[in-house]
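See below for the structure under consideration.
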Amino acid sequence: MREEWLEERRKGIGASEAGAACGISPWKTPYSLYLEKRGEAAPEPENEAMRWGTALEPIIRQRYADETGRSVRLVKTLQSEKYPFMFASPDGEIDSEHGLEVKTARSDIGWGEPGTAEIPEHYLCQVQHQMIVVGYVVVDVAALIGGSDFRIYEVPADPELQQLIIDREAAFWEMVKAGTPPDPTTFADLKQRFGAVSKAQTVQASPEAMEAIARLKEIKAL
């Protein structure tokens, strides 16, 4: 069952992967996502934070319904007709133009005042991706922070940001189809790309490796 699920995920970019494809995810780089999509690396195993997020999702969804008086319906995974490489699995839907995303967070870093659209940028990328796929004009984000701080955010569609996301994801997906990996951006990426430390005392780095290391230094400096 899990293998079938993983195989389905390799067919495109899901909303939760939008941040990684666009290079702004704090957990996954474009290169590591590329390896997963190519079937060259297994996705990271589910950790405790993921398990708790899944377990708390229906509770947070119900709290949102209680707070707003809105009925929330569940929806299946959807695929964009215009951009077939884009998929979305919203956590809920109020109507055809209004979606719901549920989140848990350990701290309020990156979260603004409730009622605003100020959510962490990787989550903003995720909900804008959802709007592209489904056609929502707004997505509410119901967040439980620190286990006791419940907040609701309202994120409207941002056409300019959405076009940027489409362009970046399209470029990423072309790399996946062509078998052309994105540049490594972390030391872990470099290890995956160029292998573990050689048993020889010294090795001559390839021009590609030197360019990647130089780029990594630039990124760290920024």
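The values are calculated or read from the model by the stated rules, or taken from the named source; none is laboratory data. Predicted, not measured: the structure shown is a model, and the values here were computed from it. Because the Cβ atoms are built from the backbone with ideal geometry, glycine has one as well, and the counts that use them run over all protein chains shown. Side chains are part of the model used for accessible areas, which takes the heavy atoms of the whole protein and leaves out ligands, DNA and RNA. Shrake-Rupley method; radii C 1.70, N 1.55, O 1.52, S 1.80 Å.
Ligands, DNA and RNA excluded, the heavy atoms of residue 100 present near 0 Å² of accessible surface to a 1.4 Å solvent probe.
For region 74-150, GluC sites (Glu not before Pro) are listed when DSSP marks them as loop and at most 15 other Cβ atoms sit within 10 Å of their Cβ; the list is 81, 97, 118.
In the chain, helical runs assigned H by DSSP with n ≥ 4 each contribute -39500 (n - 2.57); averaged across all residues and rounded to the nearest 500, the mean residue ellipticity at 222 nm is -14000 deg cm²/dmol.
The mean sequence separation of alpha-carbon pairs under 8 Å and at least six residues apart, normalised by the residue count of the chain, gives a relative contact order of 21 percent. Shape summary of the chain, radius of gyration then Dmax from alpha carbon positions: 19.1, 67 Å. Rolling a 1.4 Å probe over the protein heavy atoms gives the chain an accessible area of 59 Å² per residue. Under 10 Å, Cα contacts only: if you run a Gaussian network model on the chain, which one of 32, 107, 148 comes out with the highest mean-square fluctuation? Between 32, 107, 148, it is 148 that shows the largest mean-square fluctuation.
Computed from backbone phi with θ = phi - 60° and the Karplus coefficients 6.51, -1.76 and 1.60, the 3J(HN,Hα) list for region 80-93 is 6, 6, 6, 10, x, 7, 9, 10, 8, 10, x, 6, x, 8 Hz; x is used for glycine and proline. Sequentially through region 175-191, phi angles give Karplus couplings (6.51, -1.76, 1.60; θ = phi - 60°) of 5, 4, 5, 7, x, 9, x, x, 5, x, 10, 9, 4, 4, 4, 4, 5 Hz, Gly and Pro residues having no value and appearing as x. The alpha-carbon of residue 76 sits under 17 angstrom from the alpha-carbons of these lysines, leaving out residues fewer than 8 places away in its chain: 11.
Calculated on C-alpha atoms, the gyration radius of region 104-196 divided by its Kirkwood radius gives an Rg/Rh of 1.09. Ignoring the sites themselves, the chain has its longest run without trypsin sites (Lys or Arg not before Pro) in a DSSP loop having at most 13 other Cβ atoms within 10 Å at 107-198. Shown for region 89-207: the carbon plus sulfur share of the solvent-accessible area, taken with all protein chains present and a 1.4 angstrom probe, equals 52%.
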